[in-house]
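Input: a single structure, listed below in structure tokens.
The values are calculated or read from the model by the stated rules, or taken from the named source; none is laboratory data. Model, not experiment: these values are computed from the prediction. Positions of Cβ are backbone-derived with ideal geometry, glycine not excepted, and every protein chain shown enters the neighbour counts.
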Amino acid sequence: MSASPLPAPRPPLAAVSVPDGRGPLAAHKTLNYLPNILALARAEEAGCEEALFSRDGLLLEGTVSNLVGAVGDRLVTPPLSGSVLGGVAREVLLERGVVSEGPLPLETRGPLYCVNAVRGVEPVASLDGSALRREPETENSLRGVLEG
């Protein structure tokens, strides 16, 4: 087994929110990626790079990533409550005390990040056509935790 550095960061993402209709299997690692593929196709049709699943006014996760966002003065990641599949990057950030579990409102104004063990930290620049606040120092801090 060997390790290699994370790939160079991609440009900040434009994202759309999509209603979460994936059902109870969404929280389990399965081969049923069709809902995620369809959500990503919807994002691409809107000129975006990512789709973020939402329910009841809360963001849940991306098509292949967990979410981290600012709520007040803290960083939160949505709890594993039936529709969120926990990822390695999310777990590392929780274990190191960088983020805590909590609701992430759909109306967030940022900063917002997609986190994934392969892609690293991807800042979301806009959600549903509205620009989100960016915090490069927070982004770099999250990257440092995942790369360290």
Check your understanding: How many residues, within the stretch 1-56, are modelled with pLDDT under 90, more than 14 Å from the chain's Cα centre (by Cα) and surrounded by 15 or more Cβ atoms within 10 Å (Cβ to Cβ)?
Key -> 5
Practice item. Would you check if Val115 is more than 17 Å from Asp20 (Cβ to Cβ) and assigned to a strand (DSSP E or B)? Key: yes
Point to revise | The listed residue being modelled with pLDDT under 95 and charged (D, E, K, R), out of Arg109, Arg96, Arg90 | key: Arg109
Study note, to complete from the structure: Of the listed residues (Glu122, Glu91, Glu137, Glu107), the one being out of contact with any helix residue (DSSP H, G or I) (no Cβ under 7 Å at 6 or more places or on another chain), under 17 Å from Arg10 (Cα atoms) and not in a strand (DSSP E or B) is Glu137
Point to revise | Subset of the stretch 57-68 (residues that are outside any strand (DSSP E or B) and buried (at least 19 other Cβ atoms within 10 Å of the Cβ)) | key: Thr63, Ser65
